[in-house]
Amino acid sequence: MTASEFVPSIDAAHAALERLRARRPLVQNITNHVAMTLSANVLLALGASPAMVHAEEELEDFAAIADSLVVNIGTLDAAWIRSMLAAPAVYKRLAKPFVLDPVGAGATRLRIETAARILDLGPAILRGNASEILSLAGAAGGTKGSTRPPRPTTPSRPDSGSRCGSAAWSRSPGRRTTPPMAGAPSRSRADTR
């Protein structure tokens, strides 16, 4: 599967945005300090209602009223990890979707183990860059936070988007997780003709 197969048409994207705005979903976010304000502002601009709810003590109550959850592992400590593991389990029990953003997966053992445990809970979407997703699949040799780009495409090496998609599915066979990737997909000369 290639990265271009994940890209909807403009009409489909517009229709999805209109449905989202009509629904005005409440989206719980357990997200890192760096992304918190940006995440809230993007959700507001899209027509959703963001809530930055991290406390383990209120996860059960909040999940009952929220529509979905985003877990971004950019800020890790023992309390946040407990919330990051508990919240998806509640959403799964309530049959509500959650998104996993494995920020920096592969940079440290704590990040890869935490992201893998959350991935095992079955997110609806795995949102990360190629090195993060490949690290989760055990197919890459580390990352530098969320910024390390995949190795360049060469004739003897498949593009990172194809490797990323294949690795994401091999990591969780039988699951229905969609793994979009941050950044633009790489293109071969054949794609641009």
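Would you mention how many residues in region 48-83 are in contact with a helix residue (DSSP H, G or I) (Cβ under 7 Å, 6 or more places away or on another chain), open to solvent by 50 Å² or more (accessible area, probe 1.4 Å) and either among the charged types (D, E, K, R) or part of a helix (DSSP H, G or I) (or both)?
3
Could you go through region 17-26 and let me know if any residue there is crowded, with 18+ Cβ neighbours inside 10 Å, part of a strand (DSSP E or B) and among the hydrophobic types (A, V, I, L, M, F, W, C).
Checked region 17-26: no residue is crowded, with 18+ Cβ neighbours inside 10 Å, part of a strand (DSSP E or B) and among the hydrophobic types (A, V, I, L, M, F, W, C).
Within region 84-130, work out how many residues are open to solvent by 10 Å² or more (accessible area, probe 1.4 Å) and not β-branched (Val, Ile, Thr).
Of the residues in that region, 24 qualify.
Could you run through region 74-105 and say how many residues are touching a residue at least 24 places away in the same chain (Cβ under 8 Å), under 28 Å from Arg23 (Cα atoms) and out of contact with any Asp or Glu (no Cβ under 7 Å at 6 or more places or on another chain)?
So the count comes out to 13.
How do the pairs read when you match residues in region 106-118 that are within 9 Å of Met84 (Cβ to Cβ) with residues anywhere that are surrounded by fewer than 22 Cβ atoms within 10 Å (Cβ to Cβ), using Cβ under 7 Å and keeping only pairs 6 or more apart or on different chains?
Thr114/Leu76; Thr114/Ile81; Arg117/Leu85; Ile118/Leu85
Within region 111-139, take every residue that is touching a Lys or Arg at 6+ places or on another chain (Cβ under 9 Å), in a helix (DSSP H, G or I) and among the polar types (S, T, N, Q) and give me the one that is farthest from Ala89 (Cα to Cα).
Per the criteria, the residue is Ser131.
May I ask you to verify whether Ala40 is open to solvent by less than 40 Å² (accessible area, probe 1.4 Å), assigned to a strand (DSSP E or B) and among the small types (Gly, Ala, Ser)?
Working: open to solvent by less than 40 Å² (accessible area, probe 1.4 Å): yes; assigned to a strand (DSSP E or B): no; among the small types (Gly, Ala, Ser): yes.
In short, no.
The values are calculated or read from the model by the stated rules, or taken from the named source; none is laboratory data. Every value quoted in this text rests on a predicted model; they were computed, and no experiment measured them. Please note: Cβ atoms are built from the backbone with ideal geometry, for glycine as well, and neighbour counts cover all protein chains shown. Please note that ligands, DNA and RNA were not included when accessible areas were found on the heavy atoms of the full protein model with its side chains. Shrake-Rupley method; radii C 1.70, N 1.55, O 1.52, S 1.80 Å.
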